[in-house]
1. Could you work out the per residue convex hull volume over the alpha carbons of the stretch 76-158, in cubic angstrom?
2. Identify the chymotrypsin sites (Phe, Trp or Tyr not before Pro) of the stretch 72-133 meeting these criteria: DSSP loop state and at most 10 other C-beta atoms within 10 Å of the C-beta.
3. Per q in 0.27, 0.29, 0.34 1/Å, what log10 I(q)/I(0) does a Debye calculation on the alpha-carbon atoms of the stretch 49-88 return?
4. For GLU161 and LYS101, compute 0.36 nm times the residue count separating them, minus their Cα-Cα distance, and round to one decimal in nm.
5. Under 5 Å between amide hydrogens, which residues at least 5 positions from LYS170 or on another chain qualify, with H placed 1.01 Å from N in the peptide plane?
6. Determine the gain in length on full extension of the stretch LYS68-THR188; use 0.36 nm per residue of separation and subtract their C-alpha separation, reporting nm with one decimal.
7. Can you order the peptides 155-161, 191-197, 144-150 by their average number of other Cβ atoms within 10 Å per residue, highest first?
8. Could you work out the local net charge near GLU132, counting Lys and Arg as +1, Asp and Glu as -1, over the other residues with Cβ closer than 11 Å to its Cβ?
Amino acid sequence: MNPFLAIILWCAVNKFFTIKHVQFTITTYFLYLKHVIFICETKMDEKDQAILALIQENSKLTANQIAKKINIPLTTVFAKIKRMEDQGIIKQYRAILSPEKLNLGTAAFILASVSYSKNNELPITQRDVAEEIARFPEVQEVHIITGDWDLLVKLRAQNVEAVGKFVVDKLRRIKGLEKTLTCMVFETVKESTSLPQQLKRDRP
């Protein structure tokens with residue numbers, strides 16, 4: 001028996017505590033243990049980070065290949081990946097398509113400002129406009145930002161003309177959108193969905 005529980009039971013027998021005190025203390029103790037276990041389970045170690053680095057680079061790697069690359073048992077790889085999926089650290093597995101091969105090689109970023117109120121109508125928020133913009137399939141990202149502009153939008157299209165048609169015929173028709181500034185992308189130096197992983201501890 002756990003020494004902590006043994007002391008509690010001994011005190012109860014000798015009438016130092018009432019039964020209700022014992023029940024409350026035991027419940028508190030198990031809640032504490034549950035909290036400690038949760039922290040241990042959610043703490044990321046170097047092997048977790050190594051797995052994330054590998055599957056971000058190539059999600060088609062098998063568990064056996066990952067195990068060989070980072071030198072850990074196959075069962076540990078399965079357990080770690082399952083835990084990170086359950087915790088929402090690994091959200092999805094997706095294919096990264098080539099925009100150029102699909103005739104969508106033109107990218108643009110659009111800054112947009114929101115008109116928060118109009119006459120006596122209900123106020124319009126940044127989120128309202130952002131959600132409307134996000135419905136368009138051409139749009140890849142919509143961010144609510146600080147500064148002189150309210151929203152940052154990223155989209156892909158066939159060419160500059162298609163971007164212009166999107167802005168004039170679709171974007172500017174959204175209720176609450178005040179003005180826009182379109183920035184065309186000349187060349188992409190880096191475009192990644194990977195998150196950085198601290199694979200080695202920094203030396204003091």
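1. Spread over its residues, the Cα hull of the stretch 76-158 gives 151 Å³ apiece.
2. Sites meeting the loop and neighbour criteria: TYR93.
3. Once normalised to I(0) and log-transformed, intensities are -0.95, -1.08, -1.31.
4. 19.7 nm
5. Residues meeting the criterion, in which the H sits 1.01 Å from N, do not exist here.
6. Extending this stretch completely gives an extra 39.8 nm.
7. Sorting 155-161, 191-197, 144-150 by mean packing, highest first, produces 155-161, 144-150, 191-197.
8. Details: positive: ARG127, ARG135, LYS170, ARG173, LYS175; negative: ASP128, GLU131.
In short, +3.
Any read-out appearing in this document is the output of simple, stated calculations on the displayed coordinates, not a laboratory observation. Note that this is a predicted model, so its numbers are computed, not measured. As a convention, Cβ positions derive from the backbone with ideal geometry for all residues, glycine included, and neighbour counts pool all protein chains shown.
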